[in-house]
Amino acid sequence: MARDTSPQCKQCRREGQKLFLKGERCLTDKCGVERRAYPPGEHGRGRQKQSEYRLQLREKQKARRYYGVLEKQFHGYYEKASRQPGITGENLLALLECRFDNVLVRLGFAASRRQARQLILHGHWTINGKRVNIPSYQVRPGEIIAIKAETPATQVVRDATELTGQIPAWLQADHESLTAKVLRRPERREVAAPVQEQLIVELYSK
C-alpha cells in the first residue's frame, strides 16, 4: 500500500498551521509549528512570492496532508465529487470526511489518522459486524462501527478517547462500549477541516 512517510511536523510547517497529524504531540510545546513557525528547508525564512496559483496549490496540498491522502487518490475524490449533484467543493469534503480512518478520528477512537489507519489495517474494527481493513472505506448512514471483541488494541483506543473533544452531530459514539453509528452525511458547517475547498475546485478547473 502506498503511503506518505515524510516527517509530519514538516508537513504542518510547510502549510503554516497545525494539521494535527501527530495526535497528542500537536497539543504540546513539542509541536513543530510552535517551535519553528516557518517553512522547512534552506529558504524557509525567505520571502515567498504570492500568486493565485500558489494559494490554490497550497490549499490542495493542505487538504491532502490533513486527510492523509496521496495525489492520485485526491484527484479521484475530486472527479467523483464533480459528478455528484450539488456543490463540488462540499461534495469533496464530505467524501474525505466519510473515509473510515477519518471517522475513527472524529469519533475519538484514534488520536491521529495515521494511528487510525494502522488500527484498521490490523483488523481491529468491524462495520455492521463484518471486519473492514480498508482505511479509505466510505462509511454510509446507518452503519454501526465497533471494535473487535478481545482485541489487544482496546487500551490504545481508550487512551485516544481521553483526548476527544466534541463529536460531530452526524456521528454518534459510545466510548464505554467503543461502538458508534453513522447518522447521516456530514454538512459543510460540521466539517472542521481548515480548508477553503473553493480554491481547490478553482485549481482543478483550470
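The values are calculated or read from the model by the stated rules, or taken from the named source; none is laboratory data. Note that this is a predicted model, so its numbers are computed, not measured. Note: ideal-geometry Cβ built from the backbone for every residue, glycine included; neighbour counts use all protein chains shown.
Quick one: which of 78, 137 is assigned by TED's automatic domain parsing to the domain that holds residue 169 and surrounded by 14 or more Cβ atoms within 10 Å (Cβ to Cβ)? Spell out how you get there, then give the answer.
Numbers: 78 fails: assigned by TED's automatic domain parsing to the domain that holds residue 169.
The unique qualifying residue is 137.
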### Query
So, in region 163-205, of the ones that are part of a loop (DSSP other than H, G, I, E, B) and of a type in the set (Val, Ile, Thr), which residue ends up surrounded by the most Cβ atoms within 10 Å (Cβ to Cβ)?
195
### Task
Kindly establish whether residue 154 is more than 30 Å from residue 86 (Cβ to Cβ), at pLDDT 95 or above and either surrounded by 14 or more Cβ atoms within 10 Å (Cβ to Cβ) or not assigned by TED's automatic domain parsing to the domain that holds residue 82 (or both).
no
### Summary
Checked against (1) within 28 Å of residue 199 (Cβ to Cβ); (2) in contact with a helix residue (DSSP H, G or I) (Cβ under 8 Å, 6 or more places away or on another chain); (3) in a loop (DSSP other than H, G, I, E, B); (4) of a type outside the set (Gly, Ala, Ser), residue 75 satisfies every condition except (3)
### Message
For region 147-179, give me the residue count where each residue is farther than 19 Å from residue 111 by Cβ and touching a Leu at 6+ places or on another chain (Cβ under 7 Å).
### Response
2
### Task
Can you run down the residue pairs with Cβ atoms below 6 Å, 6 or more apart or on separate chains, where the first is in region 65-93 and touching a residue at least 12 places away in the same chain (Cβ under 8 Å) and under 21 Å from residue 113 (Cα atoms) and the partner is part of a loop (DSSP other than H, G, I, E, B) and not small (Gly, Ala, Ser)?
65/19; 66/19; 93/191
